[in-house]
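The values are calculated or read from the model by the stated rules, or taken from the named source; none is laboratory data. Note that the coordinates shown come from a computational prediction; the quantities given were computed from them, not determined experimentally. Here the Cβ positions follow ideal geometry from the backbone for every residue, glycine too, while neighbour counts run over all protein chains shown. Side chains included, ligands, DNA and RNA excluded: accessible areas come from the protein's heavy atoms. Shrake-Rupley method; radii C 1.70, N 1.55, O 1.52, S 1.80 Å.
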Amino acid sequence: MKGFTSIAALSLAVSSVSAHFIFQQLSVGATKYDVFKYIRQNSNYNSPVTDLASNDLRCNVGASGTGTATVSVVAGSQFTFTLDTPVYHQGPVSVYMSKAPGAASDYDGSGAWFKIYDWGPTFSGSTSTWNMAGSYTFTIPSCIPSGDYLLRIQALGIHNPWPAGIPQFYISCAQISIASGGNTTPSPTALIPGAFKETDPGYTVNIYSNFLNYTVPGPAVFSCGSGGGSPAVTTTPTPATTTAAGTTTSKAVSTTFKTSTTSTLTTAKTSTTSVSTCALAKYAQCGGSGWTGCTVCASGSTCQKTNEYYSQCL
Ligand SMILES: *[C@@H]1O[C@H](CO)[C@@H](O)[C@H](O)[C@H]1NC(C)=O
C-alpha cells in the first residue's frame, strides 16, 4: 500500500521532481533510520503546502500515522531530519512538537504545538544568509514530560515574495516516544492551522528589498533554560558553548541562547569544588546554542564543537 502510494505520487509529480524537497529521514543520535520509517509519508511527493487554513499544515498532505513507526528517545537526545535534496528556497526552518493524548500514531496534530528551534537568517550589513542544508540537527528538550509526541520540521520558502508569490511550507512529522522527561509544560503554544498568518512580517517580507531584520513566524521558541527547566550543574565550562554564544546567530533567536548560556557559565564558575553530576556517552550532544543539558563527556571522549548549534562527545 505504501509502495503503491509513493509510486502513484511520483508519477503524478514527475515534472516537479527537481523543484522541491522533503524531509524524509530521521536520525536519533548517530543512528540514521530508513526513509519514512519514523516520519509520516506524505502523498504529494516533495511539494509544499500553501493554504494557511489547511490541516495539511500539520504534517503535510496525506501523511497519517498509519504505517508509521514510533521511535523511542530519551529526553535531551539529539535528532536529525535529512532531506531528499537540500533546502534551496530561502526562508526559515523551524522544529515544533505536540504531545499526543495517546499513541503518536493515533494523533492528528490538532492539539497544542510548541516550537523548539528556529534556523533564521544571519545578517551582515545588507547581506542576509539562510541556513539551507541537507539535514538539520537539534535536541529534544530535556525538561518536557515523557510520552508520545509528533516532532515536526518546517521549511518556509519565502523566495517568491508575497502577495505576488505564495510562501511555501515544506513539512514532515516524525513520531517519537520520549522517556526520562521532566515536569515542565512547554509554552507558548499555538494551533496548526492558526499559527501562521497572512499578516506575519516573516511571511510577507520581501527578502530581496531592504531586508535587514527578520522574525520567524509562529510562537516564540520554547527552551528548558528559559522555561523553568533545570540546567545541568557541571564543573567544566564548555569553550564551544561560550564561543557560540558570543557569535551572532539569528537576531530573532539569539536572546534565549545568551540567557541560558550565561546561567550555565555562572554555575560552572561558582561550583568549583563539586563533582560532575553527569557524564555523557560518546556521540551524545554536549553543547551548542541553546543547549542546557550536560556538558561533560564520560572518560574516553571529549566535547568537540561541530558547529555553532552542536557540540558532541567524540
Ligand atoms: C523588522 O523590524 C521592524 C521594526 O521592529 C518590524 O516592524 C518588522 O516587522 C520587522 N520585519 C520582519 C520581516 O520581521
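Here are a few things to note about the model shown:
- The calculated P(r) of the range 37-136, using every Cα pair and 10 Å bins from 0, goes 12, 39, 36, 10, 2 in percent.
- Protection proxy ranking, highest mean first, for peptides 50-56, 100-106: 100-106, 50-56, where packing is the per-residue count of other beta-carbon atoms within 10 Å, averaged.
- Computed with a 1.4 Å probe over protein heavy atoms only, the accessible surface of the range 94-156 comes to 29 Å² per residue.
- At 1.567 mPa s and 4 °C, Stokes D of the range 97-236 from Kirkwood alpha-carbon radius, µm² per second: 77 µm²/s
- Taking the 1.4 Å solvent-accessible surface of the range 156-229 as the whole, the part contributed by carbon and sulfur is 51%.
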